[in-house]
Amino acid sequence: QKEVEQDPGPLSVPEGAIVSLNCTYSNSAFQYFMWYRQYSRKGPELLMYTYSSGNKEDGRFTAQVDKSSKYISLFIRDSQPSDSATYLCAMRGGTSYGKLTFGQGTILTVHP
Amino acid sequence: DAGVTQSPTHLIKTRGQQVTLRCSPKSGHDTVSWYQQALGQGPQFIFQYYEEEERQRGNFPDRFSGHQFPNYSSELNVNALLLGDSALYLCASSLKVNSPLHFGNGTRLTVT
């Protein structure tokens, strides 16, 4: 069993839809949770960075962490064609610093 | 503000050869981490360098080695290349060891 599980999709939605992306994990030591967006032929771009359980909002993006269920989510409101990319969840323990454990990535396409 | 830069962007090598990849961190960052991303997968942690020393290492063989220079730039060396080493190699930088990682666009290595 992988430490982090992420549905690879692909996920296809119409412009303006609300998108929900999810990851589950098995390592209770994970404390920091991130979402990255990766466009084709580019490196991952940090979208959200959260610590422990709770919600964090940034513009059209909302990250949720539920440590009791070992489940994290990213919601994208009013999705745009420019949101089409691969979304990667990542997490680490309190002292793991640069060692992130990533999910497989979910491929998202937003069509006009 | 220059982000993380990596060179070269693409590289083709033959099995058994050795390769060196280079990374310049984002301006103001002093910590560099290296990741390997196979096609269709999330990045996997190789190692992290801070103050010119390897601080953490992932589950990669000794064929993978690195170095960090006094100006914080870094190199990743891979010896005795295998076909399975074909991947996108990503460099990420951060300020100190406990802050979010910012990735470069990677070096695409193909081993034939």
| request: Please find, within region B:1-33, the residue that is surrounded by the most Cβ atoms within 10 Å (Cβ to Cβ) out of those that are facing chain A (nearest Cβ under 9 Å) and hydrophobic (A, V, I, L, M, F, W, C). | output: B:VAL32
| query | Out of the residues in region B:39-53 that are assigned to a loop (DSSP other than H, G, I, E, B) and more than 17 Å from A:ARG41 (Cα to Cα), which is nearest to the other protein chains (Cβ to nearest Cβ)? | reply | B:GLU51
| said: Contact list please: Cβ distance under 6 Å, first residue in region A:58-69 and within 21 Å of A:ASP83 (Cβ to Cβ), second residue assigned to a loop (DSSP other than H, G, I, E, B) and modelled with pLDDT of 95 or more, pairs at least six apart or on different chains. | reply: A:ARG60/A:ARG77; A:ARG60/A:ASP78
| said: Restricting to region B:100-112, give me the number of residues that are surrounded by fewer than 19 Cβ atoms within 10 Å (Cβ to Cβ), at the interface with chain A (Cβ under 9 Å from one of its Cβ atoms) and in contact with a His (Cβ under 9 Å, 6 or more places away or on another chain). | reply: 1
| query | So how many residues does region B:1-21 have that are outside any loop (DSSP other than H, G, I, E, B), in contact (Cβ under 8 Å) with a residue 60 or more places away in the chain and out of contact with any Phe, Trp or Tyr (no Cβ under 6 Å at 6 or more places or on another chain)? | reply | 8
| Restricting attention to region A:70-95, which residues are without any contact (Cβ under 8 Å) to a residue 40 or more places away in the chain and either away from chain B (no Cβ under 14 Å) or surrounded by 14 or more Cβ atoms within 10 Å (Cβ to Cβ) (or both)? | A:SER82, A:SER84
| So which residues in region B:67-92 are away from every other protein chain (no Cβ under 12 Å) and either acidic (Asp, Glu) or within 19 Å of A:LEU100 (Cα to Cα) (or both), if there are any at all? | B:GLU75, B:LEU76, B:ASP85, B:ALA87
| task | Could you check how many residues of region A:25-61 are surrounded by fewer than 17 Cβ atoms within 10 Å (Cβ to Cβ) and either within 18 Å of A:GLN104 (Cα to Cα) or polar (S, T, N, Q) (or both)? | result | 12
| query | Of all residues in region A:72-106 being aromatic (Phe, Trp, Tyr) and at pLDDT 95 or above, which is nearest to the chain's Cα centre (by Cα)? | reply | A:TYR87
| Which of the residues that make up region A:96-112 are assigned to a loop (DSSP other than H, G, I, E, B) and either facing chain B (nearest Cβ under 7 Å) or of a type in the set (S, T, N, Q) (or both)? | A:SER96, A:TYR97, A:GLY98, A:LYS99, A:LEU100, A:GLY103, A:GLN104, A:GLY105
| Condition check for B:GLN56: within 12 Å of chain A (Cβ to nearest Cβ), part of a strand (DSSP E or B), without any contact (Cβ under 8 Å) to a residue 40 or more places away in the chain and of a type outside the set (Phe, Trp, Tyr) | yes
| query | Within region A:27-55, restricting attention to residues that are assigned to a loop (DSSP other than H, G, I, E, B) and within 16 Å of A:LYS99 (Cα to Cα), which residue is nearest to the other protein chains (Cβ to nearest Cβ)? | reply | A:PRO44
| request: Test A:ASP58 against the stated conditions and say whether it is over 13 Å from the mean Cα position of the chain (by Cα), farther than 29 Å from B:ARG57 by Cα and within 14 Å of chain B (Cβ to nearest Cβ). | output: yes
| field | Flag if B:GLN36 is in a strand (DSSP E or B), facing chain A (nearest Cβ under 8 Å) and either out of contact with any Phe, Trp or Tyr (no Cβ under 6 Å at 6 or more places or on another chain) or not hydrophobic (A, V, I, L, M, F, W, C) (or both) | value | no
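The values are calculated or read from the model by the stated rules, or taken from the named source; none is laboratory data. The structure presented is a predicted model; accordingly, all values stated were derived computationally and were not measured. Cβ atoms come from the backbone with ideal geometry, glycine included; neighbour counts cover every protein chain shown.
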